[in-house]
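Visitor: Just passing along the structure, written as structure tokens.
The values are calculated or read from the model by the stated rules, or taken from the named source; none is laboratory data. Everything quoted here is computed from the prediction, not taken from an experiment. Note: ideal-geometry Cβ built from the backbone for every residue, glycine included; neighbour counts use all protein chains shown. Surface areas here come from the heavy atoms of the whole protein model, side chains and all, with no ligands, DNA or RNA. Shrake-Rupley method; radii C 1.70, N 1.55, O 1.52, S 1.80 Å.
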Amino acid sequence: MPRPPPLRPRPLRPPLPLPLLLLLLLLPRPGAPGARDDASPPDGAREPLRGLREQLRAAAALSRRYWALLRCRVWPDDCERDAEAPPGWSLPLLGQQYLAILTSWYCSFQDCCDSEDCRISNNFTGLESDLSIRLHGQHLARELVLTAVKGYLELPRPDKALALSFHGWSGTGKNFVARLLAENLYRDGQRSDCVKMFIATFHFPHPKYVDLYKEQLTTQIKKTQERCHQTLFIFDEAEKLHPGLLEVLRPHLEHQAPENHRAKSRKTIFLFLSNLGGNIVNEAVLNLLQAGGSREEIKLEHLVPRLRAEIEQSTDSGFGHSCLVKENLIDFFVPFLPLEYRHVRLCARDAFLSQELLYTEEALDQIAKMMVYVPKEEQLFSSQGCKSISQRINYFLP
Ligand SMILES: *[C@@H]1O[C@H](CO)[C@@H](O)[C@H](O)[C@H]1NC(C)=O
């Protein structure tokens, strides 16, 4: 269910503060024992300005190296390529001590970690708990998303990307699940360097520019993958994506011959969010409820074949006609069920709790009653799911 972002402190990468840079500048120059410096080089004596300039240049080069080393300590993944010190240069003992002090000082306000890439957290316990506590009314999505993502990320060396396609009415939690994934897999959530979100009508609005978009998307994916060995790409409004654009993703989703064994494993997840097939999902739930069953009885086996068929037949959508669907490149179709009154109430409760506000059962009922329910006769499903519930609680604030 959509909710305002949690009050999670946003870790930033502050630039090295000036005093520290100055401290680094004052550190002794490696390979230049103090004794020789003290014996004032002849050049420096005759031309003090030039001598000073050289000293400063050397100090600046040195501080850049310290900075690079500090970066490597704090963000090991950023520096694989240039981690090697230049030949003939090694950090003096004193410098190493400074570096250790600096690193621990830095980590006291910046969360550092021991894993190989601090930006990737892959907290499956957190994901499981979020999916079962914060996501309402989606027993199928809850199970399937956790199993698929965890299974994929635990593979030592997957030979393709993972593609999940979320289907359901608006407000049923597709975006919310995408956000929970980003938050539990990456330290910085959706703002992570490793996560990219594309909204079809915003990023790729004009069909006539599809060739340009293809180039841009290819570059974006490539760049993100170079920055991060585990990446997440979210395509919102996937039903509006041009099928030609989706061709770009084909090479990622086909099995690839194992590359050079020394190359680092690369993991890529694509999420496609759309309302395609939403009506089929709703119909299935409606039939079940009308027959006196409960929604939890719905199994993936019942729903997914019908959902797939509906997506393939959808005439007005590029997604259904794209190679992804036609060539079975989507690994999992994830149905999001329509939400009932009781689920909307839970969303309202969460919205109060997330803002640390008190609520009454009456207020929850009033908020849930503000939504429109369909079909006309039964009034079973909220037509907007839990959309904008968090804004609605404002009416009930003292
Ligand atoms: C994983 O998430 C849970 C729940 O959000 C949290 O309590 C736990 O500290 C997290 N674990 C790590 C290693 O970040």
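Visitor: With the checklist (1) touching a Leu at 6+ places or on another chain (Cβ under 6 Å); (2) crowded, with 23+ Cβ neighbours inside 10 Å in hand, flag the one item Phe270 doesn't pass.
Guide: (1)
Visitor: Would you call Leu135 modelled with pLDDT of 65 or more, surrounded by 17 or more Cβ atoms within 10 Å (Cβ to Cβ), within 16 Å of the ligand (Cβ to nearest atom) and not aromatic (Phe, Trp, Tyr)?
Guide: Working: modelled with pLDDT of 65 or more: yes; surrounded by 17 or more Cβ atoms within 10 Å (Cβ to Cβ): yes; within 16 Å of the ligand (Cβ to nearest atom): yes; not aromatic (Phe, Trp, Tyr): yes.
Yes: the conditions hold for Leu135.
Visitor: List every residue pair whose Cβ atoms sit under 8 Å apart, with the two residues 6 or more apart in sequence or on different chains, where the first one lies in the range 127-138 and is within 12 Å of Phe176 (Cα to Cα) and the second, anywhere, is away from the ligand (no atom under 14 Å from the Cβ) and among the small types (Gly, Ala, Ser).
Guide: Pairs found: Leu131/Ala141; Leu135/Ala141; Leu135/Gly173; His136/Gly173; Gln138/Gly173.
Visitor: Another one. I'd like the residue in the range 204-223 that is open to solvent by 60 Å² or more (accessible area, probe 1.4 Å) and within 21 Å of the chain's Cα centre (by Cα) and, out of all such residues, is nearest to Glu247 (Cα to Cα).
Guide: Within the range 204-223, the match that is nearest to Glu247 (Cα to Cα) is Thr218.
Visitor: When the range 315-350 is examined, which residues are found to be over 25 Å from the mean Cα position of the chain (by Cα) and assigned to a strand (DSSP E or B)?
Guide: Glu340
Visitor: Here is a further query. Among the residues in the range 301-314, are any in contact with a strand residue (DSSP E or B) (Cβ under 7 Å, 6 or more places away or on another chain), over 30 Å from Val248 (Cβ atoms) and either open to solvent by 80 Å² or more (accessible area, probe 1.4 Å) or part of a helix (DSSP H, G or I) (or both)?
Guide: no
Visitor: Here's something else I'd like to know. In the range 188-211, what count of residues is obtained for those that are assigned to a helix (DSSP H, G or I), among the hydrophobic types (A, V, I, L, M, F, W, C) and in contact with a His (Cβ under 9 Å, 6 or more places away or on another chain)?
Guide: The first filter runs over the range 188-211 and keeps only residues assigned to a helix (DSSP H, G or I), leaving 189-191, 200-203, 207-211.
Filter once more, so that each one left must be among the hydrophobic types (A, V, I, L, M, F, W, C): 200, 202, 210.
Now drop any that are not in contact with a His (Cβ under 9 Å, 6 or more places away or on another chain), which leaves 200, 210.
Final tally of qualifying residues: 2.
Visitor: Would you mind stating whether Thr360 is within 30 Å of Pro243 (Cβ to Cβ), among the β-branched types (Val, Ile, Thr) and loosely packed, with under 14 Cβ neighbours inside 10 Å? Steps first, answer last, please.
Guide: Working: within 30 Å of Pro243 (Cβ to Cβ): no; among the β-branched types (Val, Ile, Thr): yes; loosely packed, with under 14 Cβ neighbours inside 10 Å: yes.
The answer is no for Thr360.
Visitor: Another question, if that's okay. Quick one: count up the residues across the range 159-206 that are more than 26 Å from Pro338 (Cβ to Cβ), within 16 Å of the ligand (Cβ to nearest atom) and among the charged types (D, E, K, R).
Guide: Total satisfying the criteria: 2.
Visitor: Between residues in the range 177-189 that are at positive phi and residues that are charged (D, E, K, R) and within 11 Å of the ligand (Cβ to nearest atom), which pairs lie under 9 Å by C-beta distance while being six or more apart or on different chains?
Guide: Pairs that qualify, where the first residue is at positive phi and the partner is charged (D, E, K, R) and within 11 Å of the ligand (Cβ to nearest atom), are Gly189/Arg8; Gly189/Glu183.
Visitor: A further question follows. Might you let me know whether the range 388-395 holds any residue that is of a type in the set (Gly, Ala, Ser) and modelled with pLDDT of 90 or more? Spell out the reasoning first.
Guide: If we filter the range 388-395 for residues that are of a type in the set (Gly, Ala, Ser), which is where we start, we get 388, 390.
Keeping just the survivors that are modelled with pLDDT of 90 or more gives none.
Within the range 388-395 (the criterion being of a type in the set (Gly, Ala, Ser) and modelled with pLDDT of 90 or more), the answer is no, since none of the residues qualifies.
Visitor: Can I ask one more? Quick check, is Asp188 at pLDDT below 95, of a type in the set (D, E, K, R) and open to solvent by 10 Å² or more (accessible area, probe 1.4 Å)? Outline the logic, then answer.
Guide: On the way: at pLDDT below 95: yes; of a type in the set (D, E, K, R): yes; open to solvent by 10 Å² or more (accessible area, probe 1.4 Å): yes.
The answer is yes for Asp188.
Visitor: Conditions: (1) touching a residue at least 24 places away in the same chain (Cβ under 8 Å); (2) more than 19 Å from Asn275 (Cα to Cα); (3) open to solvent by 20 Å² or more (accessible area, probe 1.4 Å); (4) not acidic (Asp, Glu). Met197 meets all but one. Number of the miss?
Guide: In the conditions (1) touching a residue at least 24 places away in the same chain (Cβ under 8 Å); (2) more than 19 Å from Asn275 (Cα to Cα); (3) open to solvent by 20 Å² or more (accessible area, probe 1.4 Å); (4) not acidic (Asp, Glu), Met197 misses (2) alone.
Visitor: In addition: Restricting to the range 378-393, name every residue that is assigned to a helix (DSSP H, G or I), of a type outside the set (D, E, K, R) and closer than 16 Å to Leu346 by Cβ. Working first, answer last.
Guide: We begin by selecting, within the range 378-393, every residue assigned to a helix (DSSP H, G or I); these are 389-393.
Applying the additional criterion that residues be of a type outside the set (D, E, K, R) yields 389-391, 393.
Result: Ile389, Ser390, Ile393.
Visitor: Separate question: Exactly one of (1) surrounded by 15 or more Cβ atoms within 10 Å (Cβ to Cβ); (2) at pLDDT 95 or above is unmet by Leu329. Its number?
Guide: (2)
Visitor: Considering every residue within the range 330-351, establish whether at least one is without any contact (Cβ under 8 Å) to a residue 12 or more places away in the chain and over 17 Å from Gly173 (Cβ atoms).
Guide: No: zero hits.
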